[in-house]
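Colleague: Can you keep this structure in mind? I'll have questions shortly.
The values are calculated or read from the model by the stated rules, or taken from the named source; none is laboratory data. On a predicted model such as this, the values are computed, not experimentally measured, just so you know. Glycine also receives a Cβ, built like all others from the backbone with ideal geometry; neighbour counts cover every protein chain displayed.
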């Protein structure tokens, strides 16, 4: 079994950095990275993409509402309703995983984003013994990227 | 090539050919002129020759008439002939004198040019001088209708007297004219010959130049063709030209057959070759892609980024291992139509597999037969304890990672904290012989060493820590599963199975470790252990003491114990001795002692090693006191080992010992004597502080 | 020129239309928004747009399938795929099924404007 390497995980990080850079001209960076199987650092809004085919598991992008509001403002979006904040977090999750397909290939099939407000910090049914938790910094905000993806063999 | 440059290229030839034509026209004109002149000359010569004949005919007729007259005869025919020849002679002679139309040899009028050169003129003038009286004498003879003896005799006498002279003059004229003509003809011939030669030269020049141009043009084409062939024969990349029918063009590089492992010939269809090489999915994408390329609707830049045939995995029946090929397609466009696709194929197996192996190495966690054997040998209780410890250590490491930014610890300190945990696991793994984990920990350490040197870490470096952590946790989890199975099996098969005591397992571990390190370092060491007291201690403390012993054994063998030959030279026994004991003193405190009979901790030697390592300057080293120098041993990252390996050199062992002592609590006393011994005596209690005695006479036990 | 925007994200739809307005692309007039493939097909038949921006990952009917149907209905329609899906096979499939261009998310305002100008230039 060949597990995800740091290069594999970095693909998602790059995609996030790229997303913020493209939209706001300010890239996002990695704060810390560790492993977890519970007590995930969930924020107000979470976008979830599940992967299938040669891969299994899911990717979570969880951001505080202030960060998303700031992002919408940068996009000149004045409607900052809950619905649009959820939409934004889902779109980021979608973009990250969509961009990662350039690297992982078409055999990482990705779902349409599921958008959840106030997701509890414990996830049931992890596919990995430990999921990767990467804290993403953008401006003074922190968002969480949780990678619970493994290759099927 | 534009028509303008074509014109330039041939300008020289066009000019030469024009010159040749003009020159030849001139020569032709000259020829016309020459032949017409020669024609005139021929007339003159002809007529001048006729004059000789006419002069003789005149004389002959006169003489005939005289003979007839003597016989009383007068033949009118003779009179008529005399008239004809004499008048012909007269007009011709006058013609020679001043030019004019005369009757030619064929009774037709021809124009006779007057003679121009001196000799001929003289002949004509002289002849005229003789001819004028002669002519006067002839007139009555011609006109007389009867026989006029007197006049006839007068004329005949004159003729007799002057005939030869006249003949000679006419002869001279002819000769002169002939001579003139010959000279003229010779001159003309010379001019013609020169013109001919010049013309030939010019022609030769044209031919030569044209040939040279053609040859050089041919040469260029040939050279270009030869170069193309050479290129196609030598390039490593496979090059193919595809036409819109997806057939291979007439030229392709010779390497292409080898790269594709398929005989490539001109005009063969390309797609079946590709179909055999790649997976059905990629083939389908590639087919669509190539069609889109020929369609020329989608921009080249977008198409380039969509190429599905980059680093594509192939395995033909000739390949023992899979290879990776990269195809590149470039449109050959003329007038917005894609005429061909230039296909470049490269074998990129090396690059791809290198990258793959590299990434494989890092996250590897595999259960192999070697590991299984080890697991069956090692006591499961002890294994379980190790796994628990390792798990606890790795969990702690994960907490350190998770809180890395909250505590605002610097990256170096973070790396050191991780290092201590990993180093402890590595030591224990080595002690119970779990080489797989030892190796993994060693790789983790190497990564930490490189990270320790950096002031800031990039995303990949930050991510490498949880990735390696995950790999170790994975390995531990797998071993745990196997241990469970083994334990279940043993419980079923022998209910009387009893775990060994802690002191036994620690002793076994330390012996195994010492053996291994000795083997690696080519040294002989006898390990003397007295650890029964461990059975009466808390398991955790016993374990911490084992970890201290592990580090000190490593150091003792690596730095303390000399090689057998050195030991013999020093008058010591060939094999060294390391004594480890846990003893209770009369006050009830526990002393944990590790003592070796090696070369001792000698500050001057440490100084030398510090300078030799290049990491410390002379100045810094000389400023430190002996105690400070020895104190350096406890600093993280300090090492005097030349080549870091699994046994030593990371500079973390003593740091780990220090932190373990801090955890347990107690005092560490180091006694050492150069070339005699080193002793670490740890008295377990609260508030530990190392005290160092560099000149002990005897160990305080 | 009539433009239809197809994307399941509300903020992307409003961002595309805002970029159109800000860039002052007068020949382009937005005639409708759809949030999935099925909606898009219905709206396309009703409004007959000449250009379409098309997301790929959408509920109900995905972008590639939708593109195929739109091009079948009107082969002259110009379709710009605007998607985060960055693998080659997906892009090739979309282009093969009649899409005219591809713009990867995330995109900047300029990138979208240039992609649309490129699309209507041909």
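Colleague: Residue A:73 passes all but one of (1) part of a helix (DSSP H, G or I); (2) surrounded by 18 or more Cβ atoms within 10 Å (Cβ to Cβ); (3) out of contact with any strand residue (DSSP E or B) (no Cβ under 7 Å at 6 or more places or on another chain); (4) free of Cβ contacts under 8 Å to residues at least 40 places away in the same chain; which number fails?
Modeller: (2)
Colleague: Here's a follow-up. Run down A:32, A:48 and say which single residue is under 26 Å from residue A:120 (Cβ atoms) and under 12 Å from the mean Cα position of the chain (by Cα).
Modeller: A:48
Colleague: Taking the stretch B:89-124 on its own, how many of its residues are in a helix (DSSP H, G or I) and surrounded by 12 or more Cβ atoms within 10 Å (Cβ to Cβ)?
Modeller: Qualifying residue count for the region: 15.
Colleague: For the stretch B:188-216, how many residues are without any contact (Cβ under 8 Å) to a residue 24 or more places away in the chain and closer than 30 Å to residue B:41 by Cα?
Modeller: 6
Colleague: For the stretch B:7-25, state whether one or more residues are surrounded by 11 or more Cβ atoms within 10 Å (Cβ to Cβ), more than 60 Å from the chain's Cα centre (by Cα) and assigned to a helix (DSSP H, G or I).
Modeller: no
Colleague: Looking for whichever is assigned by TED's automatic domain parsing to the domain that holds residue B:26 and surrounded by fewer than 15 Cβ atoms within 10 Å (Cβ to Cβ) here; the options are B:231, B:194. Which one fits?
Modeller: B:194
Colleague: Same structure, new question: For the structure I just gave you, tell me whether residue B:346 is buried (at least 17 other Cβ atoms within 10 Å of the Cβ), modelled with pLDDT under 90 and part of a strand (DSSP E or B).
Modeller: Yes; evaluated as a whole, the condition is true for this residue.
Colleague: Additional query: Quick check on the stretch C:106-121: of everything there that is out of contact with any strand residue (DSSP E or B) (no Cβ under 6 Å at 6 or more places or on another chain) and surrounded by 19 or more Cβ atoms within 10 Å (Cβ to Cβ), which residue is nearest to the other protein chains (Cβ to nearest Cβ)?
Modeller: C:106
Colleague: Restricting the search to the stretch A:29-53, which residues are more than 10 Å from chain B (Cβ to nearest Cβ) and within 22 Å of residue A:72 (Cβ to Cβ)?
Modeller: A:42, A:43, A:44, A:45, A:46, A:47, A:48, A:49, listed by residue number.
Colleague: If I ask for residues that are touching a residue at least 60 places away in the same chain (Cβ under 8 Å), more than 10 Å from chain B (Cβ to nearest Cβ) and part of a loop (DSSP other than H, G, I, E, B), which ones from the stretch A:1-26 would you list?
Modeller: Result: A:26, single match.
Colleague: Let me ask something else. Any residue at all in the stretch A:76-92 that is under 21 Å from residue B:459 (Cα atoms), within 11 Å of chain C (Cβ to nearest Cβ) and modelled with pLDDT of 90 or more?
Modeller: Checking the stretch A:76-92: at least one residue is under 21 Å from residue B:459 (Cα atoms), within 11 Å of chain C (Cβ to nearest Cβ) and modelled with pLDDT of 90 or more.
Colleague: Can you tell me which residue in the stretch B:294-329 is nearest to the chain's Cα centre (by Cα), limited to those that are surrounded by 15 or more Cβ atoms within 10 Å (Cβ to Cβ) and away from chain C (no Cβ under 14 Å)?
Modeller: So the residue we want is B:325.
Colleague: Is it the case, given these coordinates, that residue B:414 is free of Cβ contacts under 8 Å to residues at least 24 places away in the same chain, within 14 Å of another protein chain (Cβ to nearest Cβ) and under 42 Å from the mean Cα position of the chain (by Cα)?
Modeller: no
Colleague: What's the total number of residues in the stretch B:134-152 that are outside any loop (DSSP other than H, G, I, E, B) and loosely packed, with under 13 Cβ neighbours inside 10 Å? Working first, answer last.
Modeller: Quick first cut of the stretch B:134-152, residues outside any loop (DSSP other than H, G, I, E, B) only: B:134-143, B:149-152.
Next, only the ones that are loosely packed, with under 13 Cβ neighbours inside 10 Å stay: B:136, B:143, B:149-150.
Adding up the residues that qualify gives 4.
Colleague: Check the stretch B:604-618 and report whether any residue there is surrounded by 21 or more Cβ atoms within 10 Å (Cβ to Cβ) and either touching a strand residue (DSSP E or B) at 6+ places or on another chain (Cβ under 6 Å) or under 30 Å from residue B:506 (Cα atoms) (or both).
Modeller: No: the stretch B:604-618 contains no residue that is surrounded by 21 or more Cβ atoms within 10 Å (Cβ to Cβ) and either touching a strand residue (DSSP E or B) at 6+ places or on another chain (Cβ under 6 Å) or under 30 Å from residue B:506 (Cα atoms) (or both).
Colleague: Which members of the stretch C:64-89 meet the condition of being within 11 Å of chain A (Cβ to nearest Cβ) and part of a helix (DSSP H, G or I)?
Modeller: C:88, C:89
Colleague: Please state which of the following conditions residue C:92 fails to meet, knowing it meets all the rest: (1) closer than 24 Å to residue C:19 by Cβ; (2) buried (at least 24 other Cβ atoms within 10 Å of the Cβ); (3) without any contact (Cβ under 8 Å) to a residue 60 or more places away in the chain; (4) within 14 Å of chain A (Cβ to nearest Cβ).
Modeller: That leaves (1) as the condition not met.
Colleague: Let me confirm something: among B:601, B:578, which residue is assigned to a loop (DSSP other than H, G, I, E, B) and either in the same structural domain as residue B:448 (by TED's automatic domain parsing) or touching a strand residue (DSSP E or B) at 6+ places or on another chain (Cβ under 6 Å) (or both)?
Modeller: Details: B:578 fails: assigned to a loop (DSSP other than H, G, I, E, B).
Just a single option satisfies the conditions, and that option is B:601.
Colleague: Just checking, how many residues over the stretch A:93-133 are at the interface with chain C (Cβ under 9 Å from one of its Cβ atoms), part of a helix (DSSP H, G or I) and touching a strand residue (DSSP E or B) at 6+ places or on another chain (Cβ under 8 Å)?
Modeller: So the count comes out to 8.
Colleague: Separate question: Please go through (1) in contact with a helix residue (DSSP H, G or I) (Cβ under 9 Å, 6 or more places away or on another chain); (2) touching a residue at least 24 places away in the same chain (Cβ under 8 Å); (3) away from chain B (no Cβ under 14 Å) for residue A:56 and return the number of the only condition it doesn't satisfy.
Modeller: Single failed check for residue A:56: (1).
Colleague: Further question on the same structure: Can you give me the number of residues within the stretch A:33-53 that are out of contact with any helix residue (DSSP H, G or I) (no Cβ under 6 Å at 6 or more places or on another chain) and assigned to a strand (DSSP E or B)?
Modeller: Of the residues in that region, 7 qualify.
Colleague: Just one of the numbered conditions (1) over 13 Å from the mean Cα position of the chain (by Cα); (2) over 23 Å from residue A:88 (Cα atoms); (3) in contact (Cβ under 8 Å) with a residue 60 or more places away in the chain is not true of residue C:51; which one?
Modeller: (1)
Colleague: Right, here's the next one. When residues of the stretch B:317-342 are filtered for being touching a helix residue (DSSP H, G or I) at 6+ places or on another chain (Cβ under 7 Å) and within 22 Å of residue B:248 (Cα to Cα), how many remain?
Modeller: 6
Colleague: Continuing with this model, one more query. From (1) within 12 Å of chain C (Cβ to nearest Cβ); (2) in contact with a strand residue (DSSP E or B) (Cβ under 6 Å, 6 or more places away or on another chain); (3) without any contact (Cβ under 8 Å) to a residue 24 or more places away in the chain, pick out the condition that doesn't hold for residue B:266.
Modeller: Condition (1) is where residue B:266 drops out.
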